[in-house]
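Novice: If you scroll down you'll find the structure; I have some questions about it.
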């Protein structure tokens with residue numbers, strides 16, 4: 001073999017040995033961070049003056065007690081119920097909210113109306129025939145998506161969905 005080749009191999013082997021010893025064989029004690037010693041330079045937090053503390057306490061005093069939002073009144077008042085007119089998705093009658101769910105054209109046409117008690121949140125599906133009384137309203141089937149409800153001078157069309 002060539003002397004130049006042997007010299008290059010020797011230099012590469014020496015570099016590899018030097019790299020190995022510098023990485024894996026510590027020759028000096030390396031510094032370690034010891035966070036448990038009391039030599040930390042801890043600074044005390046700045047204290048508020050009593051005037052500033054009193055001002056902050058007064059400023060945030062309204063947030064100390066949780067405020068409860070008044071519950072919105074469910075349903076409608078009797079006057080608002082009497083004022084319901086026109087085409088509606090839901091009708092309030094007493095403690096019930098009425099929604100038209102289906103109109104079935106069978107031998108004797110009928111409708112399914114969802115009645116939700118606004119106090120207990122209990123929902124029931126009730127079957128009504130045409131010209132039957134629904135919570136004081138007289139029901140008349142108009143089409144496959146709407147029914148008419150009338151009581152005295154109040155005329156309401158209950159629809160299944162809003163027109164686009």
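Novice: Out of 87, 131, 97, I need the residue that is touching a strand residue (DSSP E or B) at 6+ places or on another chain (Cβ under 6 Å) and either surrounded by fewer than 16 Cβ atoms within 10 Å (Cβ to Cβ) or assigned to a loop (DSSP other than H, G, I, E, B) (or both). Which one?
Specialist: Working: 131 fails: touching a strand residue (DSSP E or B) at 6+ places or on another chain (Cβ under 6 Å); 97 fails: either surrounded by fewer than 16 Cβ atoms within 10 Å (Cβ to Cβ) or assigned to a loop (DSSP other than H, G, I, E, B) (or both).
Just one listed residue meets the conditions, 87.
Novice: Being at pLDDT below 80 and surrounded by 12 or more Cβ atoms within 10 Å (Cβ to Cβ) is the requirement here; does residue 74 meet it? Even if it seems obvious, please write down each step before you answer.
Specialist: Values: at pLDDT below 80: yes; surrounded by 12 or more Cβ atoms within 10 Å (Cβ to Cβ): yes.
Spelling it out, residue 74 is indeed at pLDDT below 80 and surrounded by 12 or more Cβ atoms within 10 Å (Cβ to Cβ).
Novice: Turning to a different aspect of this structure: Return the only residue of 103, 126 being part of a strand (DSSP E or B), touching a residue at least 40 places away in the same chain (Cβ under 8 Å), over 17 Å from residue 151 (Cβ atoms) and over 31 Å from the mean Cα position of the chain (by Cα). It would help to see each step written out before you state the result.
Specialist: Numbers: 126 fails: touching a residue at least 40 places away in the same chain (Cβ under 8 Å).
None of the others qualify; the one that does is 103.
Novice: Report yes if residue 45 is more than 30 Å from residue 97 (Cβ to Cβ) and at pLDDT 80 or above, otherwise no.
Specialist: Details: more than 30 Å from residue 97 (Cβ to Cβ): yes; at pLDDT 80 or above: no.
No; evaluated as a whole, the condition is false for this residue.
Novice: Taking the conditions exactly as written (touching a residue at least 12 places away in the same chain (Cβ under 8 Å) and under 34 Å from the mean Cα position of the chain (by Cα)), does residue 64 satisfy them or not? Even if it seems obvious, please write down each step before you answer.
Specialist: Working: touching a residue at least 12 places away in the same chain (Cβ under 8 Å): no; under 34 Å from the mean Cα position of the chain (by Cα): yes.
No.
Novice: Can I ask one more? With the requirement that a residue be part of a loop (DSSP other than H, G, I, E, B) and surrounded by 14 or more Cβ atoms within 10 Å (Cβ to Cβ), what does the stretch 106-123 give you? First the steps, then the outcome.
Specialist: If we filter the stretch 106-123 for residues that are part of a loop (DSSP other than H, G, I, E, B), which is where we start, we get 106-109, 118-122.
Once the filter is applied, which keeps residues that are part of a loop (DSSP other than H, G, I, E, B) and surrounded by 14 or more Cβ atoms within 10 Å (Cβ to Cβ), the stretch 106-123 yields only 118.
The values are calculated or read from the model by the stated rules, or taken from the named source; none is laboratory data. All values reported here derive from a predicted model rather than from experimental measurement. A quick note on method: Cβ atoms are made from the backbone with ideal geometry, for glycine too, and the neighbour counts reach across all protein chains shown.
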